[in-house]
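Dropping a structure here in structure tokens format, bear with me for questions.
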Amino acid sequence: MWRQVLALVIKELLAVLRDAKSRAVLIGPPLIQLIVFGYAATFDLNHVPMAIYNQDPSQASRELVAHFAGSPTFHVVAMLGSERPIDNLIDSRQVQLVLVIDRRFTRDLLAHQPAPVQAIVDGRNSNTALLIEGYANTILTNFALNWDAAHGGPAPSAVLDLRALYNPTLSSRWFIVPGIVALLTQVVTLLVVGLSVARERETGTFDQLLVTPMRPVDILLGKGLPGLLIGTVEASVIIVAAVFWFDIPLRGGLLPLYLGLLLFVIAVSGIGLMISSLVSTQQQALLGAFLFMVPSIILSGFATPIANMPVWVQDLTLINPMRYFLVIVRGVFLQGADIGSLTSQYWPMATIGAVNLVAAAWLFRRRTI
Amino acid sequence: MNQVAFRRLRGLLRKEFLQIWRDPSALAIAFLLPAVLLLIFGYGVSLDARNVPLALVVQRPGALAASFTSAFARSPYFRPRAFLDIQQAERAMQAREVKGVVWLPSDFARRAEHGGNSPIGVIVNGVDANDARLIEGYVQQVWATWLTAEARAQGQASPTPLSAQPRVRFNPAVSSRNYLVPGLIAVIMTLTGALLTALVIAREWERGTMEALMVTRVAMREILLAKLVPYFLLGMGGMAASVAMAVLLFGVPLVGAWWVLAGASALFMLAALGMGLLISSFARNQFVAGQIAIIVTFLPAFLLSGFVFDIGSMPRVVQWITHVVAARYFVAILQSVFLAGDVWSVILPNALALAVMAVLFLGLARAVFHRRLD
Amino acid sequence: MPPGVDPPEAEPAPALRCVDVRRSFRIGKRVVVALDGINVEARRGGVTGLIGPDAAGKTTLMRLAAGLLLPDSGRIEVLGIDVARDPLAVQARVGYMPQHFGLYEDLSVRENLDLYADLQGVAPAERPARYAELLHMTGLGPFTGRMAGRLSGGMKQKLGLACTLVQPPELLLLDEPTVGVDPVSRRELWQIIDHLTRGLRTTVLFSTAYLDEAERCDTVLLLHEGKLLGSGPPREISGAMEGRSFHAVASLGRRQLQERLASLPWVMDAVIQSGGVRVVTATRTAPDPASVWPPVPDLRFTPVPARFEDGFVARLNDTMGRTAPSSPASAEGGLRAALPPPAQDGEVIVVEHLTRRFGDFTAVDDISFGVRRGEIFGLLGANGAGKSTTFRMLCGLLPPTSGRLRVAGFDLRTAAAPVRGRIGYMAQKFSLYGDLSVAQNLRFFASAYRLRGARRAERIAWASEEFELAPMQDATARDLPLGFKQRLALACALMHEPEILFLDEPTSGVDPLGRREFWRRINGLAELGVTVLVTTHFMEEAEYCDRLAIMAQGRVLSAGTPEAIKATARTASRPDPTMEDAFIAVIEAADNRGLAA
């Protein structure tokens, strides 16, 4: 029994590794995605082009301008002499922020009145707009508090002492790269498992397999285990790259991480096997994998928080294994989470995995026997 | 064009339309897939935090602390939960029950009354950096508003000597859906233009019909033209359906003129069709054509077009690469036309880039397609 | 002289002239030479047959002639025009039907015709008359509204032909138009071709892997592995074999007789036919029954006319320096000695009222037959006749809609896994794991069939020796020549010494020598008591079976020994019908019954 499964696993691995095209699928897209996501997918802002219209040339306003010019977030590309070009600059996307310093700026500042400053932001990308607003506010507040303190103004009754836990510099990369572990593990496992039966159906070897004394469950295991193995290896490679290339801190232990990985890969293999048993060509398998993958990635919290979705969509994400694994990867990497604190993530994934495997076995039997 | 050539082209066109009509998968890629993508994105992707669960730790209750916490309770951004000590709040954050902690130490009121600058601890969960940054911004807003109100209530001068008045052009509600949904149209049109076209031509290679066509008197340009026209119309149809869905279902404003949108879409569609034709000239089975189309057109349209991730924030090298991604120019036009209106300083250069790419890809496709199998 | 214009009053330029044509393809890292220096000339008028097994280079030559490929070197002229220089001028004067007919399956018959009429520039005014003529010729008149994808193989073939004929071409290129088509449609196609060549003076270039079609051509070009083996009228090629072909009968079983005769040094070829053995001698001397040693009782030789295939086999032997393995290391070597002796009573495969429907389409319609132990049973029919569906049901790969079937006393669908260890299965197209090496394939199937330890090693060693796979054992299966693939597939199917062997089109595309070697092994197995169920569309292979069933449209039209089936087609004008005659007679009889009903 186990010998047959083992023989099938070895055959599967040989088939994947001996074929240049399959090897390319295992190496190419993951590499591209790691690079693209690791470098291009960022919400961090730097060198945001901005313009300043200073209507109040004074010591104070020059100091404020210097605060912006010195910030790594902003890049002052123009000092305006009038109000007219403002709209055009923003509309044509030459700048994303225009700071208008009012004529009464110094006067009000000296009188300890709220001095008016206007920040005009390009709202076409709402996320960037909100972040720019936030950065600008921080600079303005810091400047104001410093200036007031230096000029004997009344101190505010309370000040904020902001601190970000787990990711002190709030770097997007720390968020995205551990997510890629989950993303690529899913892609590779799904493709390896989902395409393998279809490939055999296309070449006709699947019939050959079915007439051997192998039972459907042997075939199922023989088809699922290689995906498990390859998915785990692929994930390990990315974990190593995350730690040593992207310098993401791995604060937790490997045990909670790999326990989650194992459950995740089992759940995804189950989906791959279901796709496998439903389709008859590799093309259909690819389409099936694609149709599953796009919603599952979008509704996983990989790029945008699940909490921002409508409630019914949030409920829908509960059946998505990637949702749980993302919490585990990020929890272990950044928060140093242990097995105990992740229990609430393990058991739903284990349940999904079990349901998937049973469903796959049922579909498989129905299609083959 | 003489009559015989015209009849050839008409025959091919009729064949193409009949095939599209009879093949459910073509219509599915052109209309069903866009609808599904729009629904998933429209509902599933949002960067706008609302009702963020926040832990409020008040170690010594008092009038000042109460006024501060009620400011959070009033904010639409937060759903505060009260905690008695900081350890408990941090555990809740560790367990992802709250996304941040605002902490008023036991000497908060005393220090605020004696000299001010009483520190309020704010800890956010930095795992999701973007989310964390937005939450920090919201906390700052609540704090500034509270300070001003508090000062005014006591008849004092404003403690924060600056008032920044934000003005957001084009998307005053700062809704992420308003910028994601228009950008998605570029991705959807890439699917029809490049992926579908590459697939249907690969199918002709696979079934041997291309071979049969080539030995007739039909010219290569006629074969290409007969592929361009129907899929161009199909893509524009998909675009119109997507725009209708965006405006009617998701309430995205369409500020600019529809004809500007249509014109830019037409240019982009031509560039996408050019890519599809080019891919199918060397990828002669549907499996390979599909994979190549996804890797070289779909993924870049998704990731490198500025549709979700701001191009300006990418490393310089990646920014250069985005210049060869046609979707990048189209996304820029889309976001402007939808939210800002007909901003010619954005539309013209980007449209020019699209036109150049359309001519380039179509020209290349014409050059590499010849009446031979090798 | 401008190209394409024949000098007046002179002998017209040949339909096809190849001068030292060479063409190779790159498949992955390998370079495959499809055509290796071909020099040939085909005259105008009549049918020129391009004949050879798979991978002979037929399709490449067709595509070169149609201007779809350029040669690596050499020169091809079609109708006197250099194809490489002016493909458009050639394409304006030829009609080309690619393999699988180049039809749009989601367009109707009428729409396909309209499309090609538009493309070929047929004026609308001429169309009604032209369509009427084509539809009458092809018999497609009643089906103009049907989607091409829903036509039968024979009708697709005729529609493909009609589409290439909307504008009458001077030269018609037909690339394997008869693959997978039933004999009736094949005969009808030949009638159309006769009409074209005799009546309309069209020149036809026709490629095929069926050697029996050669005899209908006016000239043949014999291709094998990219080389030209010979050319000329088919009579010339078979004529050389005249006086060397005999029909042998004896009181011995015909399989033993064949085995004995094939091992004689003066016998070049021996195949089972009509209850006896057809023998081709190495020289033109009448064989003497007395010279057969050890003696065969009641052995008699009767001279028979030479066939085209005899000439082809002889040329293969000469040119390629290959000989049919005189004495195949017999399959018995490794087979289980404990197999029960051929029992007369037991039917190992029983099929009763078997039916299979797919939606409203009935693929297999209430068929019944039985196969005895040690028998070779054939299922004969065209693509879509239902033989593959029957086959898959027997192997337990597909559930029947109704009816009963038993294989070795079990229904393989519900039988426990070990029962499946008693059957061997060889799928169509020699399905192997293409990415794995020969040795890896053997090892995998050994494990899949639950062999282990010393037994596993022994069987693997047996397979590589018996099938001469040892020199190729590290080669990737995908890259093997077709003959090797066939041997490896059979080796894998025999790994566990099955009692029953299922073979699905085991010889398609393989050259005649490879086919003979394969059948010799199968005969050896049958002699040992292995039951063999085989599907084929080669009519002459039907002769090798002990009994066979002819299938069409999901039904068994006739079943029995090859002789009995042929006897039903015997008429006064046709005293000695071939299997193909019998097949056609059976189908026509069924059609008449259908009309009567």
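Every number here is computed from the coordinates shown, using simple stated rules; none is lab data. A quick note: this is a predicted structure, and the numbers were derived from the prediction, not measured. Heads up, the Cβs are rebuilt from the backbone with ideal geometry, glycines too, and the neighbour counts pull from every protein chain shown.
Hey, got the Cα dimensions of chain B along the principal axes, in Å, largest first?
The principal-axis extents, from largest down, are 95, 41, 38 Å.
Does a label point 7 Å from the Cα of B:Val4, set along Cα-to-beta-carbon, have any residues of the stretch C:83-124 with amide nitrogen under 14 Å, and which are they?
C:88-94, C:117-124
Hey, what does the equivalent ellipsoid look like for the stretch C:65-104, semi-axes from the Cα gyration tensor as sqrt of 5 times each eigenvalue, largest first, whole Å?
Result for the stretch C:65-104: semi-axes of 20, 12, 7 Å.
When the gyration tensor of the stretch C:16-234 is built from Cα positions, what are the square roots of 5 times its three eigenvalues, in whole Å, from largest to smallest?
29, 18, 17
Taking the beta-carbon count within 10 Å as an exposure proxy, list B:Trp146, C:Trp293 from fewest neighbours to most.
Least crowded to most crowded, the residues run C:Trp293, B:Trp146.
What do you get for Rg/Rh over the stretch B:202-260 if you use C-alpha atoms and the Kirkwood form of Rh?
Here Rg/Rh amounts to 1.26.
Select from B:Met357, B:Met210, B:Met269 the residue whose mean-square fluctuation is largest in a Gaussian network model of chain B (Cα-Cα springs shorter than 10 Å).
B:Met210
Something else about it: Quick check: pseudo-label points 7 Å beyond the Cα along Cα→Cβ at C:Gln428 and C:Arg452, how many nm apart are they?
That separation, rounded to one decimal, is 3.7 nm.
From the alpha carbon gyration tensor of chain C, can you work out the equivalent ellipsoid semi-axes (sqrt of 5 times each eigenvalue) and give them in Å, largest to smallest?
41, 29, 25
Let me ask something additional. Post the alpha-carbon centroid distance, the stretch C:6-77 to the stretch B:302-362, in whole angstrom.
51
I've got another one for you. Could you work out the per residue convex hull volume over the alpha carbons of the stretch C:454-597, in cubic angstrom?
That works out to 138 Å³ per residue.
Another one. If you count, for every residue in B:291-299, the Cβ atoms of partner chains within 10 Å of its Cβ, what is the mean?
Per-residue shielding by partner chains comes out at 2.
How far apart, in nm, are two points set 7 Å out from the Cα along the Cα-to-Cβ line at C:Asp576 and at C:Asp54?
With each label placed 7 Å out from Cα toward Cβ, I get 3.3 nm.
Rg and Dmax of the stretch A:48-150 over Cα atoms: what are they, in angstrom?
Rg, Dmax (Cα atoms, Å): 13.2, 40.
Rounding to the nearest 10 and keeping the result within 0 to 90°, find how far the Cα-based axis of helix B:176-190 lies from the longest principal axis of chain B.
It works out to around 20 degrees.
Using alpha-carbon pairs under 8 Å, 6+ residues apart, how would you state the relative contact order of the stretch C:16-234 in percent?
Worked out over the stretch C:16-234, it gives 31 percent.
Using the Kirkwood formula over every pair of different C-alpha atoms, what hydrodynamic radius in Å results for the stretch B:1-83?
18.7
Can you compute the FRET efficiency between C:Arg198 and C:Asn383 using 1/(1 + (r/R0)^6), with r the Cβ-Cβ distance and R0 = 35 Å? Round to the nearest 0.05.
Plugging the Cβ-Cβ distance into 1/(1 + (r/R0)^6) gives 0.75.
So if I take the centroid of the Cα atoms in the stretch A:86-120 and the same for the stretch B:1-57, what is the distance between those two points in Å?
Value for the Cα centre distance between the two parts: 44 Å.
Return the FRET efficiency for the residue pair C:Asp366, C:His136: r is the Cβ-Cβ distance, R0 is 45 Å, and the value is rounded to the nearest 0.05.
After rounding to 0.05, the efficiency reads 0.80.
Then there's this: Treating the angle as unsigned and between 0 and 90°, give the value, to the nearest 10°, between the Cα long axis of helix A:282-298 and the longest Cα principal axis of chain A.
Tilt relative to chain A: about 40 degrees.
To make sure I understand, if each residue's beta carbon is the centre and we count other beta carbons within 10 Å, what order do A:Phe244, B:Phe302, B:Phe41 fall in, fewest to most?
A:Phe244, B:Phe302, B:Phe41
Just tell me how shielded A:12-22 is by partners: mean number of partner chain Cβ atoms within 10 Å of each residue's Cβ, no decimals.
4
Which order results if C:Ile51, C:Ile192 are arranged by neighbouring Cβ count within 10 Å, fewest first?
By the 10 Å Cβ count, ascending: C:Ile192, C:Ile51.
Another question about this same structure. Give me P(r) over the stretch C:195-270, computed from all C-alpha to C-alpha distances, binned every 10 Å, as integer percentages.
14, 32, 29, 17, 7, 1
Viscosity 1.002 mPa s, temperature 20 °C: Stokes-Einstein D of the stretch C:238-327 from its Kirkwood Cα radius, in µm² per second?
164
Taking chain B as a Gaussian network, where each spring joins two C-alpha atoms under 10 Å apart, which residue of B:Ala194, B:Ala63, B:Ala358 fluctuates the most?
B:Ala63
I'd like the distance between the alpha-carbon centres of the stretch B:179-194 and the stretch C:469-534, rounded to an integer number of Å.
53
May I pose another question? So in the protein assembly as shown, what percent of DSSP beta bridges are antiparallel if you round to the nearest 5?
Roughly 45 percent of the DSSP beta bridges within the protein assembly as shown come out antiparallel.
Inverting the mean 1/r over all pairs of different Cα atoms, compute the Kirkwood radius of chain A and quote it in Å.
Value: 24.2 Å, from the Cα pair sum.
Add -39500 (n - 2.57) for each DSSP H run of 4 or more in chain B, then divide by its residues: what number comes out at 222 nm, to the nearest 500 deg cm²/dmol?
Mean residue ellipticity, 222 nm, calculated: -19500 deg cm²/dmol.
Across 5 Å bins from the origin, how do the percents of Cα pairs in the stretch A:208-265 run, short distances first?
Pairs per bin, as whole percents: 4, 15, 19, 18, 13, 9, 8, 6, 4, 3, 0.
Using only Cα atoms, tell me the angle between helix C:109-119 and the longest principal axis of chain C; keep it within 0 to 90° and round to the nearest 10.
Taking Cα atoms only, the helix is inclined about 40 degrees.
Now for a separate question. For the stretch C:443-517, divide the Cα radius of gyration by the Kirkwood radius and give the resulting Rg/Rh value with two decimals.
0.97
Report the trypsin sites (Lys or Arg not before Pro) located in the stretch C:225-316 that are in a DSSP loop and have at most 13 other Cβ atoms inside 10 Å of their Cβ, or state none.
Sites meeting the loop and neighbour criteria: C:Arg284.
If you don't mind, there's one more thing I want to ask. At a Förster distance of 51 Å, what's the computed FRET efficiency of B:Ala35 paired with C:Asp82, Cβ-Cβ distance as r, to 0.05?
With a Förster radius of 51 Å, E is 0.40.
Based only on Cα atoms, what Rg/Rh ratio does the protein assembly as shown have, Rh being taken as Kirkwood's radius?
Rounded to two decimals, Rg over Rh is 1.07.
Right, here's the next one. Taking a temperature of 20 °C and a viscosity of 1.002 mPa s, what whole-number D in µm²/s does Stokes-Einstein yield for the stretch A:58-217 with Rh from Kirkwood over alpha carbon pairs?
D, rounded to a whole number, is 101 µm²/s.
Taking only the alpha-carbon positions of the stretch B:289-374 and ignoring solvent, what does the Debye formula give for the base-10 log of I(q)/I(0) at q = 0.14 Å⁻¹?
-0.58
Count neighbours as other Cβ atoms within 10 Å of each site's Cβ, and list the GluC sites (Glu not before Pro) in the stretch C:363-469 that are DSSP loop with at most 14 such neighbours.
When the GluC sites (Glu not before Pro) of the stretch C:363-469 are filtered for loop state and at most 14 Cβ neighbours within 10 Å, C:Glu468 remain.
Also, I was wondering about something else. Could you work out which residue, out of A:Trp347, A:Trp174, A:Trp245, moves most in a Gaussian network model of chain A, that is, has the largest mean-square fluctuation with Cα springs under 10 Å?
Answer for the Gaussian network model of chain A: A:Trp245.
Please compare each pair in C:Lys58/C:Lys158; C:Lys29/C:Lys485; B:Lys227/C:Lys156; C:Lys227/C:Lys485; A:Lys223/B:Lys99; B:Lys15/C:Lys387 to a cut-off of 30 Å on the Cα-Cα distance and tell me which ones are over it.
Table pairs above 30 Å Cα-Cα are A:Lys223/B:Lys99; B:Lys15/C:Lys387.
Please compute, for peptide A:94-105, the average count of beta-carbon atoms on other protein chains lying within 10 Å of each residue's beta-carbon.
1
In angstroms, what radius of gyration and Dmax does the stretch B:52-153 have, counting Cα atoms only?
13.1, 39
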